[in-house]
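Q: If you scroll down you'll find the structure; I have some questions about it.
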Amino acid sequence: MGYRGTLGFALLCWVVSGVTGYNPWDFSRRDSVDASQLRAVSLLQPVMVQCEEAQLVITVHRDLFGTGRLIKAADLSLGPAACQYMSLNAAENTVTFTAGLHECGSTLQMTPDSLVYSTSLNYNPTPASNPVILRTNPAVIPIECHYPRKDNVSSKAIKPTWVPFSSTLSAEEGLGFSLRLMNDDWSAERPSNGFQLGEVMHIQADVNTGNHVALRLFVDSCVATLTPDRDSSPHYAVIDFNGCLVDGRSDDTTSAFIFPRPRQDTLQFMVDVFRFAGDARNLIYITCHLKVTAVEQAPDPLNKACSFNKAGNIWSPVEGTRDICRCCETGNCGLAGRSGRVRPLDRWPGRRFQRDVASRHGRLCAHFTWEDVWLTPTDSGLISMAAAIALAFITLGILVYRRCSHSSA
C-alpha cells in the first residue's frame with residue numbers, strides 16, 4: 001500500500017512538470033500587480049455606484065478582492081438579466097456598467113419616504129489557462145439606489161401622489177387641440193383656403209396627448225353661425241348630439257366621418273361646402289367642440305362619431321356598436337351633450353336654415369381662428385377613471401364670395 005502511494009505521487013509530479021513549464025503559483029503573470037500597487041489598491045473602493053436621475057453607473061476595479069490579482073472583465077455581469085459592461089479602462093483597470101433604473105432585471109420597492117431600485121453585481125469566475133482549477137469564488141454584491149419620493153426631478157417641482165393614474169381623476173387638463181383643412185388625400189394641410197360651392201372640405205381634428213395615457217378624440221358638436229358667437233342666430237348644426245354628423249342626414253350631402261381613424265388621437269370628416277340661404281352676409285363661423293376619453297373606454301352614446309349611411313338608411317359609428325348611434329335619429333343622446341342651440345326638427349327637411357348649394361360658381365375661402373377652453377366634468381361616472389375628459393371649443397371662419405374673385409367682397 002505504501003509503495004503504490006509513493007509511485008502515484010511520482011507520476012503526478014511528472015505530469016505537472018511536463019505542462020510547458022506552467023507554474024500555477026507564479027504571480028508574476030500579466031494579470032498581477034507589484035507590491036507597491038497592491039498597497040495602493042487596498043486603499044481603493046472596489047465598487048463605486050452613481051445613482052443618476054434615470055440610470056445608474058457602476059464602476060468596478062478589477063482588483064475586486066484587494067489581493068493584487070485582476071479579475072477578467074467578462075466574468076462580471078449586472079442584475080438577473082446578466083447585462084454586460086459598457087466600457088473597459090485598461091489604464092485604470094476599471095470596468096463600467098451603465099443601465100436604466102428599470103433595466104437588467106432591477107426591482108423597485110417603495111418606502112414611506114423613498115423609492116428603492118435594487119440590483120446586483122455578479123462575479124462568476126471562469127478558468128484561466130488551466131481549465132481544471134479556479135482561484136477565486138463567485139460573488140454577488142447587492143446594489144441599491146434610493147430616491148426621495150418628494151423632490152425636484154426636473155425644472156418644475158412636483159408633488160407625486162404615487163397613486164396609479166388609473167385611479168386618479170384629473171380636475172383640470174390642458175391638451176393641445178387643433179383643427180385643420182387637409183388636401184383631398186389627407187396627406188398634408190391644404191395650402192389654399194378657397195373653395196367652390198359643390199366642393200368638399202376635408203377637416204382633421206387632432207389632440208397632442210404628450211405624456212398622458214392613450215386618448216381617443218371625439219368631435220362632440222360643430223355649429224355654423226354668421227358671427228363668432230356660437231349661440232347667435234341664424235345657426236346650422238353640422239355635428240350635434242355628442243358626435244352625430246347630422247349634416248350628412250340631408251339628401252343633398254355626402255358629409256361623413258372617415259373610417260377607420262389614422263390614429264386614436266385623430267378624427268377626420270368631410271363636409272360639403274355650404275353657405276346660408278337668403279342672407280347677404282358672406283362670413284360664416286363654424287365652432288367645433290372637441291373632447292377626449294381614454295382609449296380603453298368603449299364608445300357610448302355620449303362619446304361617439306356617427307355618420308348617416310344613405311345606402312343602408314342607418315347611422316354607423318367609426319368604432320363601437322351600432323346601437324350607440326341610435327339616438328342620432330331622435331336627438332335624445334343625453335343632457336350632457338345637447339347643444340341646446342338647434343332643435344332636432346331643425347336638421348331634417350323643413351328646417352329654417354337650409355344649405356345653399358344651388359349656386360356652383362360662388363367661391364368660399366376659409367381661415368382658422370381657435371382658442372382652447374378647459375372644462376371640468378361634473379359627473380365622473382360618465383367617463384373612464386383612467387383620464388378626465390378634456391374639452392376645447394375651436395372656431396373655423398369661412399368667407400364666402402358671391403362671385404369668383406381675388407379681392408375681398
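Q: Is there a residue being farther than 17 Å from E199 by Cα and outside any strand (DSSP E or B) anywhere in region 265-275?
A: For region 265-275, residues farther than 17 Å from E199 by Cα and outside any strand (DSSP E or B): present.
Q: Additional query: Condition test on T119, is it within 21 Å of V49 (Cα to Cα), under 27 Å from the mean Cα position of the chain (by Cα) and modelled with pLDDT of 90 or more?
A: Spelling it out, it is not the case that T119 is within 21 Å of V49 (Cα to Cα), under 27 Å from the mean Cα position of the chain (by Cα) and modelled with pLDDT of 90 or more.
Q: Could you please let me know if G320 is assigned to a loop (DSSP other than H, G, I, E, B), modelled with pLDDT of 95 or more and within 32 Å of the chain's Cα centre (by Cα)?
A: yes
Q: Restricting the first residue to region 107-131 and requiring it to be within 21 Å of S77 (Cβ to Cβ), which pairs with a second residue that is among the β-branched types (V, I, T) and not in a strand (DSSP E or B) meet a Cβ separation below 6 Å and a spacing of at least six or different chains?
A: Correct list of pairs: P125/T136.
Q: Restricting attention to region 285-311, which residues are closer than 14 Å to V246 by Cα and in a loop (DSSP other than H, G, I, E, B)?
A: K304, A305, K310, listed by residue number.
Q: Could I ask something else about it? Here are the criteria: (1) crowded, with 23+ Cβ neighbours inside 10 Å; (2) under 16 Å from T266 (Cβ atoms). Tell me which single one C325 does not satisfy.
A: (2)
Q: Return a yes/no flag: does region 241-256 have any residue that is free of Cβ contacts under 8 Å to residues at least 40 places away in the same chain, more than 25 Å from the chain's Cα centre (by Cα), surrounded by fewer than 13 Cβ atoms within 10 Å (Cβ to Cβ) and assigned by TED's automatic domain parsing to the domain that holds M182.
A: Within region 241-256, not a single residue is free of Cβ contacts under 8 Å to residues at least 40 places away in the same chain, more than 25 Å from the chain's Cα centre (by Cα), surrounded by fewer than 13 Cβ atoms within 10 Å (Cβ to Cβ) and assigned by TED's automatic domain parsing to the domain that holds M182.
Q: Which of the residues spanning region 295-322 are among the basic types (K, R) and surrounded by 15 or more Cβ atoms within 10 Å (Cβ to Cβ)?
A: Listed by number, the list holds a single entry, K304.
Q: Considering R230, R263, which residue is assigned by TED's automatic domain parsing to the domain that holds F177, more than 25 Å from D323 (Cβ to Cβ), at pLDDT 95 or above and surrounded by fewer than 21 Cβ atoms within 10 Å (Cβ to Cβ)?
A: R263
Q: So A214 ticks every box in (1) without any contact (Cβ under 8 Å) to a residue 12 or more places away in the chain; (2) farther than 25 Å from L283 by Cβ but one. Which box is left unticked?
A: Against the list (1) without any contact (Cβ under 8 Å) to a residue 12 or more places away in the chain; (2) farther than 25 Å from L283 by Cβ, A214 comes up short only on (1).
Q: Collect the residues in region 266-293 that are over 20 Å from the mean Cα position of the chain (by Cα) and either polar (S, T, N, Q) or at pLDDT 90 or above (or both), keeping them in residue-number order.
A: Q268, F269, M270, V271, D272, N282, T287, C288, H289
Q: Read through the list (1) on the phi > 0 side of the Ramachandran plot; (2) out of contact with any helix residue (DSSP H, G or I) (no Cβ under 8 Å at 6 or more places or on another chain), then give the number of the only condition that A224 fails.
A: (1)
Q: Report, by residue number, each residue of region 193-227 that is of a type in the set (D, E) and surrounded by 22 or more Cβ atoms within 10 Å (Cβ to Cβ).
A: D220
Q: Taking G79 as the residue in question, decide whether it is modelled with pLDDT under 90 and at positive phi.
A: no
Q: Applying the selection to region 278-312, what residues are closer than 19 Å to C222 by Cβ and of a type in the set (A, V, I, L, M, F, W, C)?
A: The answer is L283, I284, I286, C288, L290, V292, L302, A305, C306, F308.
Rundown of residues vs (1) over 21 Å from N124 (Cβ atoms); (2) assigned to a strand (DSSP E or B); (3) of a type outside the set (D, E); (4) at pLDDT 90 or above, yes/no style:
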| position | (1), (2), (3), (4) |
| --- | --- |
| G8 | yes, no, yes, no |
| F27 | yes, no, yes, no |
| L43 | yes, no, yes, no |
| I58 | no, yes, yes, yes |
| L64 | no, no, yes, no |
| Y85 | no, no, yes, yes |
| F97 | no, yes, yes, yes |
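The values are calculated or read from the model by the stated rules, or taken from the named source; none is laboratory data. From a predicted model like this one, the values you see are computed outputs, not experimental measurements. Here the Cβ is made from the backbone with ideal geometry for all residues, glycine too, and neighbour counts use every protein chain on show.
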